1. List the GluC sites (Glu not before Pro) within the stretch 116-160 that DSSP assigns to loop and that have no more than 15 neighbouring Cβ atoms inside 10 Å.
2. Can you list the residues, at least 5 places off or on another chain, whose amide H is less than 5 Å from the amide H of I146, using H built in the peptide plane?
3. With each pseudo-label sitting 7 Å past Cα toward Cβ, what's the D131-R175 distance in nm, one decimal?
4. Per residue, what accessible area does the chain have, given a 1.4 Å probe and all protein chains present, in Å²?
5. Taking all protein chains as present, what is the carbon and sulfur share of the accessible area of the stretch 1-112, in % to the nearest whole number, probe 1.4 Å?
6. Run the helix sum for the chain: -39,500 (n - 2.57) per DSSP H stretch of 4+ residues, divided by residue count, reported at 222 nm to the nearest 500 deg cm²/dmol.
7. Provide the packing ranking of 99-107, 27-35, i.e. peptides ordered by the mean count of other C-beta atoms within 10 Å per residue, highest first.
Amino acid sequence: MIEFDGDALALAPRLIGMTLLVDGVGGVIVETEAYRRDDPASHSFAGPTPRNAAMFGPPFHAYVYRSYGLHWCFNIVAQGHGAVLVRALAPLAGLERMVARRGGAARLCSGPGRLTQALALTGALDGAPLDRPPFEWREREGTPDIVAGPRIGITKAVDAPWRFGLRGSPFLSRRFA
């Protein structure tokens, strides 16, 4: 069994290099962002709401929400009511299905909205346990070379270096400085 213990800051780099499959479609996680309960940029900062209810449930469940009413974002609930946003992955399995869902192969899973579209992750999976189908996890091989930097697309706590990525990956949503 793969260990997913820890708060968001411990879990976010731990996910880099792991393989995530959803109904057999997916790849290697290459970019994540951590959000803790005491972080003003976190959806859980102000307390429970219907939208963020999954963040106040058990760890290692999905927190899936709409960003600006346009794109789904997929998060992994961590201990302490935090979450890790999965920002990008290197596509490996089910490429034809991903391309069909995205309408092309450009930047297939580079960015949270593209990733959820390629993997067909929607609000229907909000709160779902991540240790059961349609989810499948594979442990990373070796120790990845991880880089950290500021998160993307937020207006609060913008300088926190809580974005993690696989150094040199061409699949990142945005390069690290």
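1. Numbers: sites: E136, E139, E141; in loops: E139, E141.
Hits after loop and neighbour filter: E139, E141.
2. So I146 has HN proximity to R167.
3. Label-label distance for D131 and R175, simple model: 4.1 nm.
4. On a per-residue basis, the chain sits at 47 Å².
5. Answer for the stretch 1-112: carbon and sulfur cover 59 percent of the accessible area.
6. -3500 deg cm²/dmol
7. Sorting 99-107, 27-35 by mean packing, highest first, produces 27-35, 99-107.
The values are calculated or read from the model by the stated rules, or taken from the named source; none is laboratory data. Treat the numbers as computed from the prediction; the structure is a model and nothing was measured. All Cβ positions, glycine included, derive from the backbone under ideal geometry; neighbour counts span all protein chains shown. Side chains included, ligands, DNA and RNA excluded: accessible areas come from the protein's heavy atoms. Shrake-Rupley method; radii C 1.70, N 1.55, O 1.52, S 1.80 Å.
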